[in-house]
Amino acid sequence: MSSGSLPRRTFVASSLLGAATLVPRHVLGGAGEVPPSEKIRLAHIGMGTQGFRELKALLDHPAVEITAVCDPNTDSNDYLEWGAGEIRGLIGRLVGDPNWRATDGCPGGREVGRFVVEAYYSNQRGKPFRGCRAYADFRELLEKEADLDAVKVMTPDHLHAAIAVAAMNRGKHVLMHKPLANRMTETRKVLETAAAAGKATHLLAYGAGPGNARIAAAVKKGVIGRLREIHNWSNRPVWPQYAEIPRDRPPVPPGLQWDLWLGPAVDRPYHPCYTHTVFRGWYDFGGGSMADMGIYSLWPVFEQLGLGPAVVADGWGTHLCTTEKTVCRVIHNDYSYPAGCTFRFGFAPGSGGEGLELWWYDGGMKPRLPAALDAAGVRPAPEGILFVGESGAVLAGFLGQNPILFAEGKQTPLEQVLGEEFARAVPDRGSHLDLWVAACRGGEASPGNFLSASAVSQTVNLGTIALRCGSRVEYDPETGRLLSPGGAASLLTREYRPGWEL
């Protein structure tokens, strides 16, 4: 932009003010409407199943307009979903055609994304909309979409940092699915860039566990005495986990640019076992079950208790075996998460968690219950959270649903014990998308901004390092370095493909 030119919003406003002609209401923006010049122009990067699940909220938001989509895949029906026909039916509802693509398979890709965006806006506005462009490479998108205000990142985990950092460095606001990154150095780079760029950021896991926030607030006030342990367990993984690297070499599907899907990860042959939903199970591409679900459940706990990043972590995982000729052996696996694992975290003095142990379990693993709960015949549900203090415990659903206080030989609903104080402990902040939009427009930062996710994000990354290391790790959050064991520093980062270094 030249020094004599005006920003887009200023130019439009000046033109309208100086014009003598009448301007249609949809241009100026009437009551309940936002003029096009004031909409947040957003690029949706990643057009897989979760992207389509969350798309309607963006399409319906009056202050947001999706002007570009991006995905290295053009259009295919080989995605994975939670129920047969789920995504196809969802897209059919979005475009107003219940018979859309009435075939087997699960659709996705950038051209599907562009079609949905343009069809939805056309139906919504009662006139054709052809203003959504499609890209395979997010770098090209950021280069060419000069008028872009923001991006939403909905890609596999290994691309989160690369896209978020590139976008913020170009002055774009960022809305992103969890996690911040699947490597500690990348998480810290995202945080560093967010602090320097000053753009509006929001991690979409924020606010998912208000029940856990209320429990943590009650625990902080002493309802179970001094807090000693937190146990959180998930039924994840609910996708296939692979104990060995695939040996067959299927061809790259037509329309998929495999090198762009790999992004910063080292070269390897294409295989469907790496892509779509199952990426979460690979160290190179995902963050495992804790990155998938633990940020939802534990972020509000970190926030309420004022916890800093964990400084100590242990990790244990299941293993699988195979046979070679007549010999049984354990499969050595340093490329994918195990079917089930357990983490234990410790915190530094003065970090809000002195003396506290935080435990995570997945793959069917569950905690050993305190004697009082065991004696009462309590059996852990497939998912849950347990706070253990010196004088009692609170057991609840994974996100804090239906919390029960166990104290003084009795079990009582926590809400019944605390009354209205329990509900008031965590105020309803309204739509999280609205919070981010307000921040984009110069308001206060969303409470779900990247910096507020620092402690829980670094803790999740540290768990993976401990798991891969096979021994206790000690971490210094001030420097981002591992204090022990020696030789494990390489697990903080990844080996980058040339040209993709952060």
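Details
- Residue in the range 410-428 that is polar (S, T, N, Q), in the same structural domain as residue 299 (by TED's automatic domain parsing) and either touching a residue at least 60 places away in the same chain (Cβ under 8 Å) or closer than 22 Å to residue 305 by Cβ (or both) present: no
- Residue satisfying all of: in the range 492-502; touching a residue at least 24 places away in the same chain (Cβ under 8 Å) and part of a loop (DSSP other than H, G, I, E, B); surrounded by the most Cβ atoms within 10 Å (Cβ to Cβ) among these: 494
- The number of residues in the range 15-53 being of a type in the set (Ser, Thr, Tyr), at pLDDT below 75 and more than 22 Å from residue 149 (Cβ to Cβ) comes to 1.
- Selection status of residue 462, touching a Gly at 6+ places or on another chain (Cβ under 6 Å) and among the hydrophobic types (A, V, I, L, M, F, W, C): no
- Flag if residue 384 is in contact with a strand residue (DSSP E or B) (Cβ under 8 Å, 6 or more places away or on another chain) and of a type outside the set (Lys, Arg): yes
- All positions within the range 95-148 that are at pLDDT 95 or above, within 17 Å of residue 52 (Cα to Cα) and loosely packed, with under 15 Cβ neighbours inside 10 Å: 96, 97
- Answer residue from the range 367-379, given it is buried (at least 17 other Cβ atoms within 10 Å of the Cβ) and not hydrophobic (A, V, I, L, M, F, W, C) and is farthest from residue 312 (Cα to Cα) among those: 370
- Residue list for the range 305-340, restricted to those being farther than 26 Å from residue 280 by Cβ and more than 25 Å from the chain's Cα centre (by Cα): 323, 324, 325, 326, 327, 328, 329
- From 189, 172, 178, 199, residue being among the charged types (D, E, K, R), surrounded by 18 or more Cβ atoms within 10 Å (Cβ to Cβ) and touching a His at 6+ places or on another chain (Cβ under 7 Å): 199
- The set of residues from the range 438-483 being surrounded by fewer than 14 Cβ atoms within 10 Å (Cβ to Cβ), farther than 21 Å from residue 283 by Cβ and among the small types (Gly, Ala, Ser) comprises 442, 443.
- Residue satisfying condition, being in contact (Cβ under 8 Å) with a residue 40 or more places away in the chain and farther than 17 Å from residue 440 by Cβ, within set 74, 67: 74
- The helices (runs of 4 or more DSSP H) found wholly in the range 402-491 and carrying at least 1 residues that are among the polar types (S, T, N, Q) occupy 414-418, 454-469.
The values are calculated or read from the model by the stated rules, or taken from the named source; none is laboratory data. The shown structure was predicted, so the numbers you read here are calculated from the model rather than taken from an experiment. Quick reminder, even Gly has a Cβ in these numbers, built from the backbone with ideal geometry, and neighbours come from all protein chains shown.
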